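Below is one structure, written out as structure tokens; the observations come after it.
The values are calculated or read from the model by the stated rules, or taken from the named source; none is laboratory data. Note that the structure is a prediction, hence the values are computed from the model and not measured. Here the Cβ positions follow ideal geometry from the backbone for every residue, glycine too, while neighbour counts run over all protein chains shown. Calculation scope for accessible area: heavy atoms of the full protein, side chains included, ligands and nucleic acids excluded. Shrake-Rupley method; radii C 1.70, N 1.55, O 1.52, S 1.80 Å.
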Amino acid sequence: MVEAPADLAWCAADPHFAPDDPAIPLFLRWVEAFIESEAENLVLLGDLFQIWVGDGRSLSASQTAVLDAATRAALGGRRVVYLAGNRDYFVEAEAARRGILAPERWDLAAGPVRVRFEHGDLINTSDRPYLGWREFSRSSAVRALVGSLPPRWSGALARVLEKRLSDTNRAYKAYRPGKELRAWAEGLAGEGIEGAALGHFHRDAEEVVAQEDLPVGAYA
């Protein structure tokens, strides 16, 4: 695989910050270090919080602090990308308001190399219960319902969703989708993408797929 410059992008994924999480100050210092660096892109691969539902009306103090740090990077002229995870619902408008890009996936060109960034929760196509829940919970009808709720109800909904996500689908949470990940990586090779950075899987791992002479690395 052709290596991209080390400081082309800084990435973080899946800290699942709780309210008043002691790890938040460390994250804030990390973002400040990014701002002081010469790196061009800050890529947040989703699930920054235990749960994030809706716009900025119901953000907690700790969520505001984390997002304000990312906003400072964006307002300072850096590209900040937020790739919503499985614990993020309808966050695009708040990200856009802060100058943060929020696509479903994002490609970065590093010279002749293209690298794909995404959260990764759609890769495991065997997990049909989750895929069904994801489609329903992010539907336009649910979006309209969430948008109509008072801020305090949005916070209550977030707590209910957090409990649901913690207590369900344990078998697939423990399943390492090697076959599905490989099929996904082969698809990237067909698009001419040579590498990818993922969140979601909560482990350091590398999957390399060779299709003809085109290697693809998928990192979780």
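Side notes on the structure shown:
- For a paramagnetic label modelled on W30 (point 7 Å from Cα along Cα→Cβ), amide N atoms under 20 Å away belong, within the stretch 115-135, to 116-121.
- Selection of GluC sites (Glu not before Pro), the stretch 72-130, meeting DSSP coil and at most 16 other Cβ within 10 Å: E104
- Per residue solvent-accessible surface (Å²) - the stretch 2-111, probe of 1.4 Å: 45
- For the stretch 40-45, 3J(HN,Hα) per residue [Karplus equation, 6.51 cos²θ - 1.76 cosθ + 1.60, θ = phi - 60°, Hz, x = Gly/Pro]: 8, 10, 10, 10, 9, 8
- Computed over neighbours whose Cβ is under 11 Å from that of A39, the net charge equals -2, Lys and Arg +1, Asp and Glu -1.
- Over the stretch 87-126, relative contact order from alpha-carbon pairs under 8 Å, at least 6 apart, %: 23
- Surface share of carbon and sulfur [accessible, 1.4 angstrom probe, percent] for the stretch 1-68: 56
- Between D21 and E180, the FRET efficiency from the beta-carbon distance, with R0 = 22 Å, is close to 0.10.
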